[in-house]
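Just below is one structure, and these are the notes that go with it.
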Amino acid sequence: MAQLRPLRLISQRAKSNYEAATKGTFVVDVVVDTPVIHLDGLYTYALTDSDRELCEIGAFVKIPFGKTVTTGYVVNIRVRTINDVALKSIVSIITNRALLQPNIWALIQIAATRYCTNPNELIRFAIPPRVANSEKISLTFPKKAIGSKSPPYVSTGLLKEVYGSKISAITSKKSGAILAPTAIDTFEILLEMILQKISLGPVLVIVPDAKDTDRLVGKLSEHGQLDFLRFDSSLDKSARYLAFLRILQGEYQLVIGNRSAIFAPIPNLQSIIILNESDPSNFERRSPYTNTRDLALLRSNNEKISLWFLDASPSLELLRLVESKWLPFFTPSVDFVRDRKWLITSENHELTRKNVFSVIRHGLERGPVLIVVSERGYFNAATCNQCKNQALCKCGAKLLLGKAATSPECVLCATKYPEWKCNWCNSTKFYRFQKGDERHLEEFGKAFPKVSITSSNAKLAKVRISNESAIVIATPGCEPVCQDGYAAIVLLDGKSIFNRPFLRSEEEARYRWLNALTMLRPDGQIYLSLPDSHPEVQALLQPIPLKSSRSELENRKGLSFPPYARFIEIQSASKEINLIAEQLRREDSINCEVLGPTQIDKLESKIILKVSIADSAKLGKIVYDLKRYRSAKAMSALRVQVDPFTI
């Protein structure tokens, strides 16, 4: 029987009114705003003499494109030649402001090649959506002179206290990486670096997320002498575009923001400072999945800008640049580390509970105690107590256990099971594991009944707490700030977070712990939920806690894993992924190892391409050509990630 097709109205397309222009001395090359990946070239349009007086490189224009009208940015204006025939004219100049600056366009082109993508996908991060009213408002602000004199650098003495004689090298070097020490507020060091660099010219500061931006704004406001502009996703659409225009006009010497702020078109930019580049928030979660560190390195190299990294635990990519002597590295001085008097207690199988309570009790005598746990919730996993099979819903998803009085609930369809029975043995009892912050809150509340206890997580985060004795249970990245620091920090779930099944698990866990320890008081106590023999415990006992990072970097080198190789992940429909894998295996122009395919779900699978750094650009071009070919043939799009965070 023939398959019935849905009814469709007959439509008639009107003829285009945009004919080829034969007059005009000038033409413009335009990067067109189109989601079609194979239409990624520059398109040339005629420019009338009257429009030439208004049009600038970087202007936002309306143009005919095929049978439609769309927008684009002018990237070049040149004299018309005999080869420029049958050209359509631009429809109108939406704004003659140079929104797409030549240096930013150059960065976008380099980054597009690096991430196997269409430049348009990066332009949407670089230039916020236009708001006409914001352009009118920007004209009312008094213009400041570009390159106006910055405030003189007045040292607080913190850099010299922490880094000793190395301070002169930090001052003289153009770029470098600085290791933030335990028990010193990283934002105090960041403020000192900003004061030092802004005396040399405009500075761009990138922090991981809006919470960190709020904290930095607070520090800068307390200082009172710095005029700065916030440029991040916390701003609404019109405020963000207005901030972009003010940056473009050179009104501010200091701009702070998150990931996409790396494209900020600050005139005469002199320095970029990246805080905590190893934070997962620095990886873009939308296509083309860029990361701040690589974009900062590309921009610094292309524009000859000073670039500095400040991190409690540098990523292995950054550590590789340090180990290869490509980037100078500055660590706290021996004298500074020797004066630190924090006490470290690690897990003992016989005395674990006693050790934890002892650290907390001693900490509460002197101030607040921070307890960092890996997950939020009550119990995040459960099995049958008798046969140990996974507790599953009838839809196949896992069951999540709330508080003791509540019924287990499916994480996918939210079905509740007040009278649950195991599908295998009919037992009605659960074995609960993977405690969340709610369960820890309940347990420590019972153990310390007279102590104020609170939690902070992504759903309900506390910004700061007082110096009074209290217990704070926080998930990673949600630790509230304490003005004088915590008297004790307890780091739980060590075995869980250091043994997660992805390549960067140890690197991320190390960053989470060391970043939390910057909130400790100089004489505070630390509890680590790992045995004494664990490499991370041994590393923290060293003056510079990088022993485990360097060991992992050496292992990666032997395995030819990132950062000594490049991984490109390609995700597609399961029925197509084997064909794609075979095509790439037969590619003899490059030495590339194809890993997989691996099933993601019922419909999607992925492969990982492993290639040397030297051949990565060539492989990137092959992958991008494959994306363009599939787009031209109207095939399903590929999801491509270069060096993804989760492998």
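Return one whole number: the accessible area per residue of region 419-532 in Å², for a 1.4 Å probe.
48 Å²
What percent do you get for the relative contact order of the chain when only Cα pairs under 8 Å and 6+ apart count?
12 percent
At 1.4 Å probe size, put W326, W420 in order of accessible surface, largest to smallest.
W326, W420
Please sort by residue number the trypsin sites (Lys or Arg not before Pro) in region 275-353 whose DSSP state is loop and whose Cβ has at most 11 other Cβ atoms within 10 Å.
R285, R286, K304, K325, K341
So which trypsin sites (Lys or Arg not before Pro) in region 28-85 are both in a DSSP loop and have at most 14 other Cβ atoms within 10 Å of their Cβ?
K67
Which order do the peptides 164-176, 621-633 come out in when sorted by mean C-beta neighbours inside 10 angstrom, highest first?
For the peptides 164-176, 621-633, the packing ranking is 621-633, 164-176.
Pull out the extension gain between I600 and D49, defined as 0.36 nm times the separation in residues minus the alpha carbon to alpha carbon distance; nm, one decimal.
Length gained between I600 and D49: 192.7 nm.
For I170, what is the net charge nearby, where nearby means another residue's Cβ is under 14 Å from its Cβ and Lys, Arg count +1, Asp, Glu -1?
Around I170, the surrounding residues sum to +3.
Roughly speaking, to the nearest percent, how much of the chain's 1.4 Å accessible area is carbon and sulfur?
52 percent
What is the dipole size for the chain, taken about its Cα centre, with +1 at each Lys and Arg Cβ and -1 at each Asp and Glu Cβ, in debye to the nearest 20?
For this selection, approximately 1440 debye.
Dividing the Cα radius of gyration by the Kirkwood radius, what Rg/Rh value follows for region 581-647?
The Rg/Rh ratio comes out at 0.95.
In whole Hz, what ³J(HN,Hα) sequence does region 467-475 give by Karplus (6.51, -1.76, 1.60; θ = phi - 60°), x for Gly and Pro?
8, 6, 4, 6, 10, 10, 9, 10, 8
One-quarter of the Cα convex hull surface for region 476-552, in nm²?
Taking the Cα atoms of region 476-552, their convex hull projects to 5.3 nm² on average.
As I understand it, the dipole of region 456-574 uses +1 on the Cβ of Lys and Arg and -1 on the Cβ of Asp and Glu, about the Cα centre. Which of G558, V463, S496 lies farthest toward its positive end?
Sorting the options by dipole projection puts first G558.
Can you grab the distance from the C-alpha centre of region 79-101 to the C-alpha centre of region 203-278, Å, no decimals?
The distance from the Cα centre of region 79-101 to that of region 203-278 comes to 32 Å.
Kindly work out what percent of the DSSP beta bridges joining two residues of the chain are antiparallel, to the nearest 5.
55 percent
For the chain, count the residues as N, evaluate 2.2 N^0.38 Å, and divide the Cα radius of gyration by that value, please.
1.10
Taking a point 7 angstrom from the Cα of I647 along the C-beta vector, which residues in region 585-612 have backbone N less than 16 Å away?
Within reach of a label on I647, which here means backbone N under 16 Å from a point 7 Å along Cα→Cβ, region 585-612 contributes 592-598, 606-612.
What does the extension gain come out to for L42 and S452, with contour length at 0.36 nm per residue minus their alpha carbon separation?
141.3 nm
Treat each spin label as a single point 7 Å out from the Cα along the C-beta direction, and report the A106 to M635 distance in nm.
Between A106 and M635, the label points sit 3.6 nm apart.
Stokes-Einstein at 10 °C, 1.306 mPa s, Kirkwood radius from Cα pairs: D for region 253-392 in µm² s⁻¹?
Translational diffusion coefficient: 79 µm²/s.
Taking the Cα-to-Cβ direction at K174 and at N499 and moving 7 Å from each Cα, how far apart do the two end points lie in nm?
Distance between label points: 4.8 nm.
Applying 1/(1 + (r/R0)^6) with R0 = 41 Å to the Cβ-Cβ distance of S92 and V217, what FRET efficiency is obtained, to the nearest 0.05?
According to the calculation, E is roughly 0.60.
Taking the Cα-to-Cβ direction at S324 and at I613 and moving 7 Å from each Cα, how far apart do the two end points lie in nm?
Reported label-point gap for S324 and I613 is 0.1 nm.
Tell me, in nm to one decimal, what length is gained between S427 and S469 on full extension, where the rule is 0.36 nm per residue of separation less the Cα-Cα distance?
Gain on stretching S427 to S469: 10.7 nm.
On average, how much accessible surface per residue is there in region 245-300, in Å², for a 1.4 Å probe, leaving out ligands, DNA and RNA?
20 Å²
Along the charge dipole of the chain, Cβ charges K/R +1 and D/E -1, which of L392, L619, S358 sits furthest on the positive end?
Of L392, L619, S358, it is L392.
The values are calculated or read from the model by the stated rules, or taken from the named source; none is laboratory data. Keep in mind the model is a prediction, meaning the values are calculated, not measured. Methodologically, a virtual Cβ is constructed for each residue, glycine included, from the backbone with ideal geometry; neighbour enumeration extends over all protein chains shown. Areas reflect the complete protein model, heavy atoms only, side chains present, ligands, DNA and RNA absent. Shrake-Rupley method; radii C 1.70, N 1.55, O 1.52, S 1.80 Å.
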